[in-house]
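Peer 1: Please see the structure below; I have some questions.
The values are calculated or read from the model by the stated rules, or taken from the named source; none is laboratory data. Worth saying up front: this structure is predicted, and the values here are computed from it rather than measured. For neighbour counting, all protein chains shown are included, and Cβ atoms are generated from backbone atoms with ideal geometry for every residue, glycine included.
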Amino acid sequence: MVYAMEANDIYTRGHSERVTVFSIMLGKLLKLDIEELKLLRIGALLHDLGKIGIYNSLLSKEQSLTLSEYEIVKQHPIIGERIIGPIGLPAPVHDIILQHHEWFDGNGYPYGKKGEDISHLARIVTVADSYDAMTSQRPYRMNLDPYSAGLEIMDNMATQFDPVIGTAFFNNYRSLIEPIENVPATRELLFDLF
C-alpha cells in the first residue's frame with residue numbers, strides 16, 4: 001500500500017519509511033515498550049495512506065495549493081483511516097493515521113484535537129513526519145538542512161508539537177536520523193527489529 005501511494009511522486013518516495021525510522025528511534029528514546037513500538041511502526045508506515053484518495057495533480061503541484069485544494073488534501077487522514085478500517089488493525093494504528101496532523105494547541109486537522117487528547121504515538125509521528133517533510137525537496141519550496149528543521153520543531157513546540165517529544169527530538173536529532181544513512185540499519189528498524 002505504501003509503495004502504491006508513493007509510486008507516482010518522486011518527491012515523497014521513501015517518505016513513509018523515513019518517517020517510520022525516525023518514529024521508532026524517537027519511540028525508543030522515549031522508552032516505549034515493544035508493543036507500542038510495533039504499533040508505532042505500522043502506523044508510521046501507513047500514516048499517509050489516505051493520499052491514495054487525493055488527486056495526484058494536487059500532491060505533485062509545483063505551486064502552493066489554493067485554499068480549496070488544501071481542504072481536499074486535509075482529508076487524507078480520514079481517507080487513510082477508512083481504507084484500513086476493514087483490515088482490523090489495532091485502534092492505536094487508526095489513531096496515528098487519523099491524528100498525525102493534529103496540533104498540540106488544537107489548530108491541526110482533521111478534528112482539532114489538542115494536547116493529551118491526541119494519541120501519544122500520533123504525536124511522535126507528527127514530529128517525525130514534519131521533520132522529514134522539512135528536510136525533503138518539494139516542487140514548491142526548498143528543503144531545510146537538518147539543524148534548521150530541528151530549530152523549526154523547537155520553535156513550534158506547544159503549538160504544533162508536544163513539548164516533551166519535540167525537545168527529545170531536537171536534543172537527539174543527529175542520532176535519530178543516523179540510520180537513514182545506513183541501509184542495513186534502516187531495514188532492521190523497518191522489518192527485523194521485532
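Peer 1: Out of the residues in the stretch 59-77 that are of a type in the set (A, V, I, L, M) and surrounded by fewer than 16 Cβ atoms within 10 Å (Cβ to Cβ), which is nearest to R41 (Cα to Cα)?
Peer 2: Among those that are of a type in the set (A, V, I, L, M) and surrounded by fewer than 16 Cβ atoms within 10 Å (Cβ to Cβ), it is I72.
Peer 1: Scan G80, G85, G53 and give me the residue that is among the small types (G, A, S), surrounded by 19 or more Cβ atoms within 10 Å (Cβ to Cβ) and at negative phi. Give the derivation first.
Peer 2: Details: G85 fails: surrounded by 19 or more Cβ atoms within 10 Å (Cβ to Cβ); G53 fails: surrounded by 19 or more Cβ atoms within 10 Å (Cβ to Cβ).
Residue meeting the stated conditions: G80.
Peer 1: Residue check: is F169 modelled with pLDDT of 95 or more and in contact with a helix residue (DSSP H, G or I) (Cβ under 9 Å, 6 or more places away or on another chain)?
Peer 2: The answer is yes for F169.
Peer 1: Residues of the stretch 57-107 being free of Cβ contacts under 8 Å to residues at least 12 places away in the same chain and among the aromatic types (F, W, Y), which ones? Quick ask: steps written out before the conclusion?
Peer 2: Let us first name the residues in the stretch 57-107 that are free of Cβ contacts under 8 Å to residues at least 12 places away in the same chain, namely 57, 65-71, 85-88, 91, 106.
Once the filter is applied, which keeps residues that are free of Cβ contacts under 8 Å to residues at least 12 places away in the same chain and among the aromatic types (F, W, Y), the stretch 57-107 yields only Y70.
Peer 1: Could you please tell me which pairs satisfy a Cβ distance under 9 Å, a separation of 6+ or placement on different chains, a first residue in the stretch 13-38 that is free of Cβ contacts under 8 Å to residues at least 24 places away in the same chain, and a second residue that is small (G, A, S)?
Peer 2: That search, which allows pairs on different chains as well, returns R13/A7; G14/S136.
Peer 1: Next question, about the same structure. Could you please give the count of residues in the stretch 48-101 that are of a type in the set (D, E) and touching a Gly at 6+ places or on another chain (Cβ under 8 Å)?
Peer 2: Residues of the stretch 48-101 that are of a type in the set (D, E), as a first pass: 48, 62, 69, 71, 81, 95.
Now restrict to residues that are touching a Gly at 6+ places or on another chain (Cβ under 8 Å): 48, 81, 95.
Number of matching residues: 3.
Peer 1: Which of (1) farther than 25 Å from E62 by Cα; (2) at pLDDT below 95 does N143 not meet, given it meets every other one?
Peer 2: (1)
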